[in-house]
Amino acid sequence: MTRIAMLSGALCVAGFVALGVLTQEQPTAADAALRDAVGTRWEGALGTAALLAGAVLGPVLPVLLGVGLIVATVVLRRRGDPRAWVTLRILILLGACRLISLAGKPLFARERPREYGDWAYPSGHVSSVASAGFAAVVLCLWLAPRLVARVRRVAVAATVLACAARVAFGVHWFTDVLGAVLVVAGVGLLVAPALRLLPPRGAERVASSS
């Protein structure tokens, strides 16, 4: 399972880089079609809904999860609970998944569909949601296995909604949000095994031994 995860992660990262290079100078046909479909609708109700969605489904999520993991790690460590090591590693995983998108923006320096500050590729909002979702699923794998399927569904739905919101708001190309998903999945699948978070062998015993 570890080899499969790391191979999948490497392929996702390679796809992210290739997509960024190919679209750096010119958007794809799908990018252009979606931009034209949105047009100036982002100035009306569609844009308002997308803006509100982005306020919730964005950078705030990994920040809140990160703070929660820090608090959990400190509390569990003081209690001598072995789960502190799990929450600490997942905090590192979360940080790696989120920070990689920040490094990607100046690397590709892609212009946005409309003037909106900063670079476009990959989407920071989508990277934030995908990072939080990935970390939450791994956290459940270790500490709450029964919730994995439910949390995975929520994470996927939130990521898709974030993708749609950023494109609908007219500030990202379709390939920007796709690239964000690819790089988060890729980094997550590479870093999680390196941190011995995948596969979660004995996770239930760790959770129940506290």
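The values are calculated or read from the model by the stated rules, or taken from the named source; none is laboratory data. Predicted model, so just to flag it, every value in this text is computed and none were measured. Backbone-built Cβ (ideal geometry, glycine too); neighbour counts: all protein chains shown. What goes into the accessible areas is simple: the full protein's heavy atoms, side chains included, and nothing from ligands, DNA or RNA. Shrake-Rupley method; radii C 1.70, N 1.55, O 1.52, S 1.80 Å.
General observations
- Sequence-distant residues sharing a close amide H with Tyr121 (under 5 Å, placed H): Arg110
- Label zone of Arg114 (point 7 Å out along Cα→Cβ, amide N under 15 Å): in segment 11-42 this covers 34-42.
- Dipole orientation for the chain: of the candidates Val38, Val148, Ala164, Val148 has the Cα lying most toward the positive pole (charges on Cβ; Lys, Arg +1; Asp, Glu -1).
- Axis of helix 148-168 versus longest Cα principal axis of the chain: the two differ by about 20°, to the nearest ten degrees.
- Within the chain, helix-based [θ] at 222 nm, where runs of 4 or more DSSP H residues each add -39,500 (n - 2.57), nearest 500: -25000 deg cm²/dmol
- For segment 139-186: accessible area per residue (Å², 1.4 Å): 43
- Across the chain, C-alpha contacts under 8 Å between residues 6 or more apart give a mean separation that, scaled by the residue count, equals a relative contact order of 36 percent.
- Entry for the chain at q = 0.09, 0.17 Å⁻¹: log10 I(q)/I(0) = -0.37, -1.11, Debye formula applied to identical alpha-carbon scatterers, no solvent contribution.
- Helix 29-38 axis, angle to the chain major axis (alpha carbon atoms, nearest 10°): 80
- Percent accessible area from carbon and sulfur atoms, the chain, protein chains only, probe 1.4 Å: 68
- Accessible area of segment 1-129 divided out per residue, in Å², using a probe of 1.4 angstrom: 57
- Toward the positive end of the charge dipole of segment 1-133, with +1 on the Cβ of Lys and Arg and -1 on the Cβ of Asp and Glu, the farthest Cα among Leu91, Leu61, Ala132 is that of Leu91.
- Rounded to the nearest 20, the Cβ-based charge dipole of the chain about its Cα centre (Lys and Arg +1, Asp and Glu -1) stands at 1100 debye.
- For segment 1-86: rounded, prolate or oblate by the Cα gyration tensor [a/c cutoff 1.5]: oblate
- Of Cys12, Cys140, Cys163, the one that fluctuates the most in a GNM where the chain has Cα springs shorter than 10 Å: Cys140
- Compared with the dominant principal axis of the Cα atoms in the chain, helix 2-23 is inclined by about 20°.
- Anisotropy class of segment 92-194 from Cα gyration tensor, a/c 1.5 cut: oblate
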